[in-house]
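See structure below.
Every read-out reported here was derived from the displayed coordinates using simple, explicitly stated rules and does not represent laboratory data. This one's a predicted model, so the numbers in the text were calculated from it and none came from an experiment. Don't worry about glycine lacking a Cβ; one is built from the backbone with ideal geometry, like all the others, and counts go over all protein chains shown.
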Amino acid sequence: MSWIDGSYKDKKVMSIGTVKELTGLSERQIRYYEERKLIFPERSKTGIRKYSFIDIELLVMISNKIEEGVWTNEIKKELKYRDQQPLTNKEIRNSMLKGQLNVQFNV
């Protein structure tokens, strides 16, 4: 059995404070995106929100789209559509290249 069962990116282990630091978003913005049903953090037994790395990537994407003037209901539609469509090889390749460029140039 591998030390990684599934992806570490899926594990909801980060608090909202950590998410704030990693994304630059305020707690209010993060909670607003949750209210708009754009992200879905888990709750601990004591009610603390827990986020994953995938949630962080999604929050950054949502924030960028809002800065571009896209409305939250449009983002929600896009996310729903994206979840229903498998990624193409080109999309996977582009995502990998973008990640490599971000690491190389500290973007």
Computed about the Cα centre, the charge dipole of segment 1-60 from +1 Lys/Arg and -1 Asp/Glu charges at the Cβ has a magnitude in debye, to the nearest 20, of 240
Violations at 22 Å Cα threshold for listed pairs Lys11/Lys37; Lys12/Lys37; Lys9/Lys37; Lys45/Lys80; Lys11/Lys77; Lys45/Lys77 -> Lys45/Lys80; Lys11/Lys77; Lys45/Lys77
Diffing segment 9-16: the Karplus 3J(HN,Hα) column from phi (6.51, -1.76, 1.60, θ = phi - 60°), in whole Hz with x for Gly and Pro, holds 5, 7, 6, 8, 10, 9, 7, 5
Between Lys11 and residues 5 or more places away or on another chain, the pairs with built amide H atoms under 5 Å apart involve Phe53
